[in-house]
């Protein structure tokens with residue numbers, strides 16, 4: 001387990017997210033200090049009232065004391081109410097900013113990070129861990145400090161009353177705080193371990209919920225439930241370990257006041273019988289001890305919150321310390337028009353398995369405006385090749401370059417990622433739909449693209465009839481997995497790419513699961529979309545690459561064959577020719 005987060009890191013996190021709310025934070029501090037002052041003042045009025053009764057003070061003076069006491073009590077409650085409201089506002093604003101920053105940070109991390117962390121785990125970090133910091137940001141630190149100040153104020157007043165009772169209760173309080181600190185150091189790692197296993201559990205739930213269809217068709221439910229029970233059992237054991245130690249913390253607010261009452265009783269029995277103090281003073285001693293009980297219970301709960309917040313803070317800081325290994329380049333533009341592609345002796349392996357080469361010395365050039373049909377068995381490296389083009393990963397060896405029509409090639413690390421991904425478009429079998437209108441799904445929330453541009457693009461692609469068949473046109477509300485058929489989702493994806501106007505288009509078997517009518521509509525749209533652009537078609541069926549100018553076949557990560565499609569068709573020794581002759585291309589390439 002990583003070392004705990006330092007106090008300086010706590011401070012930086014607090015300053016970062018509370019600085020924009022400094023006005024409200026200062027108001028909250030002021031309200032807390034006023035509340036402490038009022039809590040310390042009211043017992044003095046009770047003492048004055050009791051001593052006044054004992055000494056025969058006049059009724060108007062006693063009534064005035066009672067009125068002031070009531071006014072202070074009401075003011076204290078109003079102060080607490082306003083403080084709670086301000087604290088909630090501070091908590092929500094600070095944690096929402098932190099959630100947004102964490103989400104953006106995760107989006108900027110490399111695919112190697114997302115490959116190692118499941119979405120469910122990241123959801124638990126971005127939302128679950130941040131939820132536990134809400135009280136930390138709003139009032140936890142302020143209330144902890146204020147309650148400690150309240151206890152210090154009580155101790156000072158007890159010392160002023162009698163040094164013996166002040167010293168006795170001070171010793172009891174110091175021993176209690178030392179014990180609390182001992183528990184705190186040992187509890188934080190246990191809460192952190194609990195948060196980690198909770199993330200694992202949520203990651204596992206996300207994984208099997210996303211694969212429900214496969215689980216049911218393969219009768220894998222017993223395995224899934226066994227694994228789930230295992231994670232739940234582990235989570236329960238982690239909770240038990242934390243709670244067993246936490247019982248010690250929970251006992252302190254009862255034990256410390258009990259010892260203080262015993263000390264006060266022994267002191268009171270000695271001095272009051274000797275008439276050294278008044279009944280008001282005796283009451284004041286016991287009242288102040290009773291005042292201490294409240295802060296101790298609050299501190300106990302807040303220390304528990306702080307322990308859990310510290311565990312979550314450790315995990316949040318650990319996430320924020322993750323940095324992209326793929327650094328952005330400085331070149332923010334590429335020439336308009338079709339792009340060239342060049343792989344220069346490219347080899348690639350994943351960081352978690354460096355011994356296994358996914359691509360092995362791939363070397364080829366694709367000229368602007370050419371269409372490449374990329375074939376190969378599952379696991380041959382086709383998808384990995386396109387991931388390198390998007391720069392989700394960098395090659396282990398060699399370089400990948402994009403070029404323009406003037407013959408100039410630019411290594412991908414020289415380009416900004418925004419420029420790179422703006423100039424490359426991809427259409428896959430699975431299309432990500434957002435819970436928004438068709439307009440926003442087509443433009444990906446780009447407000448600079450107006451409706452006229454969208455309609456012109458759909459008309460150019462031959463998709464206006466499809467648009468007119470939707471219930472509310474561009475205002476049709478979409479929802480992932482429910483609103484559009486697979487074919488309609490593919491049509492939407494084509495519209496997205498056309499509006500982005502990339503110089504390189506990658507098609508990952510975009511029409512392999514469609515009915516013939518929809519496939520025909522998509523094929524017509526593709527003819528328009530691909531005109532004047534460089535294209536890479538990843539295919540499992542030979543019929544898909546009939547429009548290709550060139551064919552490339554990968555096998556076990558190596559370039560088995562690359563050449564002009566028509567030349568390969570006529571070359572009886574070529575692998576492509578042999579595939580065409582088998583009549584079983586789907587089986588061979590799947």
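Coordinate-derived values only; no laboratory data. As the structure is a prediction and not an experimental result, all values here were calculated from the model. As a convention, Cβ positions derive from the backbone with ideal geometry for all residues, glycine included, and neighbour counts pool all protein chains shown.
Couple of notes before you dig in:
- The packing ranking of peptides 53-61, 354-362, highest mean first, is 354-362, 53-61, where packing means the average number of other beta carbon atoms within 10 angstrom of each residue.
- log₁₀ of I(q)/I(0) at q = 0.15, 0.19, 0.20, 0.26 Å⁻¹ - segment 337-401, Debye sum with one point per alpha carbon: -0.46, -0.73, -0.81, -1.27
- For segment 340-589, taking the reciprocal of the average inverse distance between every pair of different Cα atoms yields a Kirkwood hydrodynamic radius of 19.2 Å.
- Burial order of peptide ranges 431-439, 73-81 (average beta-carbon count within 10 Å, highest first): 431-439, 73-81
- Relative packing of peptides 370-379, 570-579, 401-410 - highest average C-beta neighbours within 10 Å first: 370-379, 401-410, 570-579
- Contact order, relative form, for segment 340-589: 27 percent (alpha carbon pairs under 8 Å, 6 or more residues apart, mean separation divided by residue count).
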